[in-house]
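Enquirer: The following block contains the structure, expressed as structure tokens.
Coordinate-derived values only; no laboratory data. Keep in mind that this is a model prediction, so the values were computed, not measured. Virtual Cβ from ideal backbone geometry, glycine too; neighbours counted across all protein chains shown.
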Amino acid sequence: MADKKEKPQDDVKELTEKLLVTRKNGCTQVSDKTLETADKYCEGYKAFLNAAKTEREVVSFAVTEAEKAGFVPFEHGKKYAAGEKVYWNNRGKAVILAVIGEKGCRDGVRIAAAHIDSPRLDLKPHPLYEKDGVSLFKTHYYGGIKKYQWTTIPLAMHGRVVLKNGRRVDICVGEREGDPQFTVTDLLPHLAEEQMKKTLAKGVEGENLNIFVGSRPVRADKGDNLVKLAVMKILNEKYGMTEEDFVSADIEFVPAFRAADVGFDRSMVGAYGNDDRVCAYPALTAALHAKKPTNTIVTVLADREEIGSYGNTGLESEFLRYFIADLAQAEDMKARHVLSRSKCLSADVTAALDPTYEDAYETTNACYVNSGVGVCKYTGARGKSGTSEATAEYVSEVRSLFEKNGVLWQIGEMGRVDLGGGGTVALYIAGLNVDVIDIGVPVLSMHSPFELVSKLDVYMTYKGILSFYEAE
Ligand code: MN
Ligand code: MN
């Protein structure tokens, strides 16, 4: 016989609500109005995705929008008053925007950092060749890609060539209606018996990522490389370039797809380069919209994250530190004192749990589509290698900020322990003695030519960064 109950039973529902984390689809936790606002915000996001597919194009977009909002080029040595808006363009491939706060930078600045480079196929210095009656470009892939995903899709050519005479020519082919497009061919299944026995990593080799660019020769009775010559003739007529000019060019081939709504409910945005333009756009728009920040806010849109942030336009370089040093100097402060009091949201995407590949994740600690901006206390690989980690205190601060401002958020790891991993710019900014945490939009099919993100998560990332900028 059971003991006689002396106390009423625990209220499981109440205790659960009070004590346990419950994870629900975020769409049920926000109003229809919020979903509408998110959808509307993403119309602007899609326009941005279509207008700016490369780091150079994002910088031009950001500078144009910033100038419209009253930002002017930053001049070091000049004193700025609260509310003044400045930008600094690093070689057309990275940009910093700042709004001077009511308190200036004496209590540190608030930084949001996102990257604007994405995986793609770059041209080699001598790209153009002819073989078996067709002309192709040799490429060198940039960033972490599954090479097989980059064959047999329409590609567009973007970039800048600096001609022998120094003239700069910007190229964009394959984006407008009626433009020609390009592609990397793949072997037909009928003849792929040997290829199909290879691993996914080896099935398409880096040296086979050659782009089809032409097949009609110049009219001539004799001569070699007549198809290659015909292609060069077109490029010369259009851009004034010769073959040698490829050596001084930044040319990238990217998927020619336009951003699209995905799903019957249009809940997602599918596009090339959501990583990390899906955080760059919220960081940019938050900088444009932030009202009277207390502390100076600094938005940095950086290049070269996909290859480790190396190079003078990547965040491993000193350019952000120099900029903040200039802000500090204008207020008669030491850069190290400003940096040591600064806080940063390293805004980069994380992996969204993919139901088809659930095994790659640890579901209790994964980020889910539609559950809001994803927070990562640390990234990295193996035993938390190659990453910084936000302190409990800083996580607490960001968590309260998001709660206070109605920002739907979640926290997770990128995937199962020891399965792989990834890094962000966080460790470089942490290296400046700044408090840093990774936040960003969870992505499905990351680094593929067509990545998916939830509109609600995109909007919540914007809201999160805006609340960080407008915090007291
Ligand atoms: Mn990224
Ligand atoms: Mn990436």
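Enquirer: Rounded to the nearest 20 Debye, what is the dipole magnitude of region 227-279 about its Cα centre when Lys and Arg each give +1 and Asp and Glu each give -1 at the C-beta?
Expert: 260
Enquirer: Here's a follow-up. For a test of the definition: using alpha carbon positions, the gyration tensor, and the 1.5 limit on a/c, classify the chain as rounded, prolate or oblate.
Expert: Judged from the Cα gyration tensor, the chain comes out oblate (a/c at least 1.5, b/c at or above a/b).
Enquirer: Based on the mean of other Cβ atoms within 10 Å per residue, sort peptides 167-177, 268-278, 50-60, 216-226 so the most packed one is first.
Expert: 268-278, 50-60, 167-177, 216-226
Enquirer: Mind checking the dipole of region 240-325: about its Cα centre, +1 per Lys or Arg Cβ, -1 per Asp or Glu Cβ, Debye to the nearest 20?
Expert: It works out to roughly 780 debye.
Enquirer: Hey, fewest Cβ within 10 Å first, where do Ile307, Ile465 land in order?
Expert: Sorted ascending by nearby Cβ count, the order is Ile307, Ile465.
Enquirer: Next up: Treating the beta-carbon of each Lys and Arg as +1 and of each Asp and Glu as -1, no other charges, what is the dipole magnitude of the chain about its Cα centre, to the nearest 20 debye?
Expert: 700
Enquirer: Could you tell me how far the Cα centroid of region 449-472 sits from the Cα centroid of region 349-413, in Å?
Expert: For region 349-413 versus region 449-472, the Cα centre distance is 14 Å.
Enquirer: Show me the ranking of peptides 360-372, 22-34 by mean Cβ neighbours inside 10 Å, starting with the highest.
Expert: Top of the packing list down: 360-372, 22-34.
Enquirer: If you don't mind, there's one more thing I want to ask. If you take the charge dipole of the chain about its Cα centre, with +1 on Lys and Arg Cβ and -1 on Asp and Glu Cβ, which of Ser448, Val398, Leu19 is farthest toward its positive end?
Expert: With unit charges placed on the Cβ atoms, the residue in question is Val398.
Enquirer: Say a paramagnetic label sat at a point 7 Å from the Cα of Ser31, along Cα to Cβ; which residues of region 441-472 have their backbone N under 12 Å from it?
Expert: Hits in region 441-472 for Ser31 at 12 Å: none.
Enquirer: Which far-off residues, 5 or more places away or on another chain, put their amide H under 5 Å from the one on Glu451, with H placed in the peptide plane?
Expert: Placed amide hydrogens put Ala271, Tyr272, Gly273, Asn274 under 5 Å from Glu451.
Enquirer: Sort out for me the Cα centre separation of region 160-227 from region 12-43, rounded to whole Å.
Expert: Region 160-227 and region 12-43 have Cα centres spaced 47 Å from each other.
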